[in-house]
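J.: Let me give you the structure first, and then I'll get to my questions.
The values are calculated or read from the model by the stated rules, or taken from the named source; none is laboratory data. Here the structure is a predicted model, which means the values were calculated and not measured. Because the Cβ atoms are built from the backbone with ideal geometry, glycine has one as well, and the counts that use them run over all protein chains shown.
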Amino acid sequence: MSELRFNELRGEEVVYAIHRQERTFLPDREHCPLCPTHPGGPTTEIPFPAFEIAVFENRFPAFQAPNGAAEVVVYTDRHNDSFSTLAPQRAEDLMWVWRHRYAELGAREDIEYVFIFENRGVEVGVTLHHPHGQIYGFPFLPPIPALELVADERLGGCAPCTLLRRELTDGERIVYQNDSVVVFVPRAARWAYEAHVVMREHRPSLCDCEAEELAGLAGALQSLARGYDALFDRQFPYVMAVHQAPTSGGPGGAAAAARGHLHVEFYPPLRTAEKLKYLAGSEQGAGTFISDTLPEESAAKLREAIARAA
Amino acid sequence: MAARSAEPPSSGGSDNPPSGSGGGHAQPHEHVGPLTIERHVKDDGRALILYAHEQRDGDGQA
């Protein structure tokens, strides 16, 4: 069981999940725990010879009932696929799985925020290569979603709606758009190729989306992921973070739960094909990102890469 | 708490407890959007949910 300790200087919770030290670390393909279980082979996490999308409770959870949840979402039974190479229908199906998990976990009394994410690449700490994401059911409202609610207050309404309007007016940092979704490098991006995938209409969560909007979201996410891979002609590491409304609100209660605007943020650590952006003195000690890349220039390169990968 | 609306299953019910063991099937009539949902319980007690597209019209995925 994990332990929460409140860091007074930072005003934030720290989670101690010491059992995770023993979790499986970069196994070879023959011992991948996320592959299907083949006759005569070792039993994996999914004891079936084939599957489409599988979700299971993490064997090494950061959170677990009655104080949250930690789940693994396996996108496919094909070990060498990635989110970007999934068939479009599978990517769309994944949106429905995310929606189902958000609704079910969000209905639990012990979960205040459902956080869906994917870590891709060893550069961001991946320990299993099989294409998968994770879901944390936080028993508290984490700092970044809480800051988004503060941004709502500062901007006098939904912050992602306001920022999307600004990006559409400016246009310079938009890298992709369809009927449902706009993708842009934000004006004050922290990471060189950070991108935000934002629903055009105000949708607090996946549960508020029409089916065609989920299809549009899947298409935009895959277009961006393929563009990333094309950018430097290599598998592009990233953290993909799905931001939605709190499920119990935390500070602000039910009022906060009615807020939020579904969007997906990508934080890629690469600043060139070979160079990583490290969080060093200013970022860690002062909390201020120093970037050596202008978002407008990154957007131009990413826009071209997405078009090239289409 | 839990202000978000739960996804209403089109049939069956997500309120039913998971059953089955390892590869055993359970709640075969639960759906979300175009997907069918099968709930299982692994041998160590952890939940496993399998999602499958209802129309198997050759999308190229296993």
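J.: Residues in region A:69-81: is at least one more than 8 Å from chain B (Cβ to nearest Cβ) and assigned to a helix (DSSP H, G or I)?
T.: For region A:69-81, residues more than 8 Å from chain B (Cβ to nearest Cβ) and assigned to a helix (DSSP H, G or I): absent.
J.: Across region A:265-300, what is the total count of residues that are under 22 Å from the mean Cα position of the chain (by Cα) and charged (D, E, K, R)?
T.: Residues that pass the stated criteria total 4.
J.: Looking only at residues in region A:149-200 that are touching a Cys at 6+ places or on another chain (Cβ under 9 Å) and outside any helix (DSSP H, G or I), which one is surrounded by the fewest Cβ atoms within 10 Å (Cβ to Cβ)?
T.: The qualifying residue surrounded by the fewest Cβ atoms within 10 Å (Cβ to Cβ) is A:SER180.
J.: Restricting to region A:113-153, count the residues that are touching a residue at least 24 places away in the same chain (Cβ under 8 Å), within 26 Å of A:ASN67 (Cβ to Cβ) and not aliphatic (A, V, I, L, M).
T.: The total comes to 18.
J.: I need the full set of residues from region A:105-134 which are surrounded by fewer than 22 Cβ atoms within 10 Å (Cβ to Cβ) and within 12 Å of chain B (Cβ to nearest Cβ), in order please.
T.: A:ALA107, A:ARG108, A:GLU109, A:ASP110
J.: Working carefully through the options A:GLU104, A:GLU123, find the one that is assigned to a helix (DSSP H, G or I), modelled with pLDDT under 95 and under 30 Å from A:PHE6 (Cα atoms). So that I can check it myself, show each step before the final result.
T.: On the way: A:GLU104 fails: modelled with pLDDT under 95.
Going through A:GLU104, A:GLU123 in turn, the sole match is A:GLU123.
J.: Right, something else. Across region A:16-30, which residue is modelled with the lowest pLDDT among those that are more than 21 Å from A:VAL55 (Cβ to Cβ) and touching an Asp or Glu at 6+ places or on another chain (Cβ under 9 Å)? Steps first, answer last, please.
T.: The first filter runs over region A:16-30 and keeps only residues more than 21 Å from A:VAL55 (Cβ to Cβ), leaving A:16, A:18, A:21-22, A:25-26, A:28-30.
Filter again for touching an Asp or Glu at 6+ places or on another chain (Cβ under 9 Å), leaving A:16, A:18.
On the way: A:TYR16: 95, A:ILE18: 84.
Among them, the one singled out is A:ILE18.
J.: Right, another one. Would you confirm whether any residue within region A:231-242 is touching a Ser or Thr at 6+ places or on another chain (Cβ under 8 Å), among the aliphatic types (A, V, I, L, M) and in contact (Cβ under 8 Å) with a residue 24 or more places away in the chain?
T.: Pass one, region A:231-242, residues touching a Ser or Thr at 6+ places or on another chain (Cβ under 8 Å): A:232, A:235.
Subsequent filtering for residues that are among the aliphatic types (A, V, I, L, M) retains none.
No, there is no match, as no residue in region A:231-242 is touching a Ser or Thr at 6+ places or on another chain (Cβ under 8 Å), among the aliphatic types (A, V, I, L, M) and in contact (Cβ under 8 Å) with a residue 24 or more places away in the chain.
J.: Kindly indicate whether any position in region A:31-52 is modelled with pLDDT of 95 or more, within 16 Å of A:PHE138 (Cβ to Cβ) and within 11 Å of chain B (Cβ to nearest Cβ).
T.: no
J.: Is it true that some residue in region A:210-225 is assigned to a loop (DSSP other than H, G, I, E, B) and either at pLDDT 95 or above or within 16 Å of the chain's Cα centre (by Cα) (or both)?
T.: Initially, region A:210-225 is screened for residues assigned to a loop (DSSP other than H, G, I, E, B), giving A:210.
Of the ones still in play, those that are also either at pLDDT 95 or above or within 16 Å of the chain's Cα centre (by Cα) (or both) are A:210.
Taking every residue of region A:210-225 in turn, at least one turns out to be assigned to a loop (DSSP other than H, G, I, E, B) and either at pLDDT 95 or above or within 16 Å of the chain's Cα centre (by Cα) (or both).
J.: Further question: Can you name every residue in region A:12-69 that is closer than 26 Å to A:ILE111 by Cα, aliphatic (A, V, I, L, M) and surrounded by fewer than 12 Cβ atoms within 10 Å (Cβ to Cβ)?
T.: A:VAL14, A:ILE18, listed by residue number.
J.: Okay, moving on. For residues that are over 19 Å from A:THR24 (Cβ atoms) and either hydrophobic (A, V, I, L, M, F, W, C) or facing chain B (nearest Cβ under 8 Å) (or both), scanning just region A:53-68, find the one that is nearest to the chain's Cα centre (by Cα).
T.: Restricting attention to region A:53-68, the residues satisfying the condition of being over 19 Å from A:THR24 (Cβ atoms) are A:53, A:65-68.
Next, only the ones that are either hydrophobic (A, V, I, L, M, F, W, C) or facing chain B (nearest Cβ under 8 Å) (or both) stay: A:53, A:65.
Working: A:ILE53: 17, A:ALA65: 22 Å.
Restricting to residues being over 19 Å from A:THR24 (Cβ atoms) and either hydrophobic (A, V, I, L, M, F, W, C) or facing chain B (nearest Cβ under 8 Å) (or both), the top hit is A:ILE53.
J.: Which one of A:ARG101, A:ARG154 is under 24 Å from A:ARG59 (Cα atoms) and either within 11 Å of another protein chain (Cβ to nearest Cβ) or among the charged types (D, E, K, R) (or both)?
T.: Working: A:ARG154 fails: under 24 Å from A:ARG59 (Cα atoms).
The conditions single out A:ARG101.
J.: Could you please give the count of residues in region A:254-288 that are modelled with pLDDT of 95 or more and of a type in the set (Phe, Trp, Tyr)?
T.: Final tally of qualifying residues: 2.
J.: Moving on. Going through region A:258-282 one residue at a time, which ones are surrounded by 14 or more Cβ atoms within 10 Å (Cβ to Cβ), over 20 Å from A:LEU155 (Cα atoms) and of a type outside the set (A, V, I, L, M)?
T.: Listed by number, the residues that qualify are A:PHE266, A:TYR267, A:PRO268, A:PRO269, A:ARG271, A:LYS277.
J.: Any chance you could count how many residues in region A:13-41 are polar (S, T, N, Q), in a loop (DSSP other than H, G, I, E, B) and over 22 Å from the mean Cα position of the chain (by Cα)? Full working, then the answer.
T.: Quick first cut of region A:13-41, residues polar (S, T, N, Q) only: A:21, A:24, A:37.
From what's left, in a loop (DSSP other than H, G, I, E, B): A:24, A:37.
Okay, now just the ones that are also over 22 Å from the mean Cα position of the chain (by Cα), so A:37.
Number of matching residues: 1.
J.: Let me ask you something else. Hey, can you tell me all the residues within region A:265-310 that are among the basic types (Lys, Arg) and touching a strand residue (DSSP E or B) at 6+ places or on another chain (Cβ under 8 Å)?
T.: So in region A:265-310, the residues among the basic types (Lys, Arg) come out as A:271, A:275, A:277, A:301, A:303, A:308.
Passing the criteria: A:LYS277, A:ARG303.
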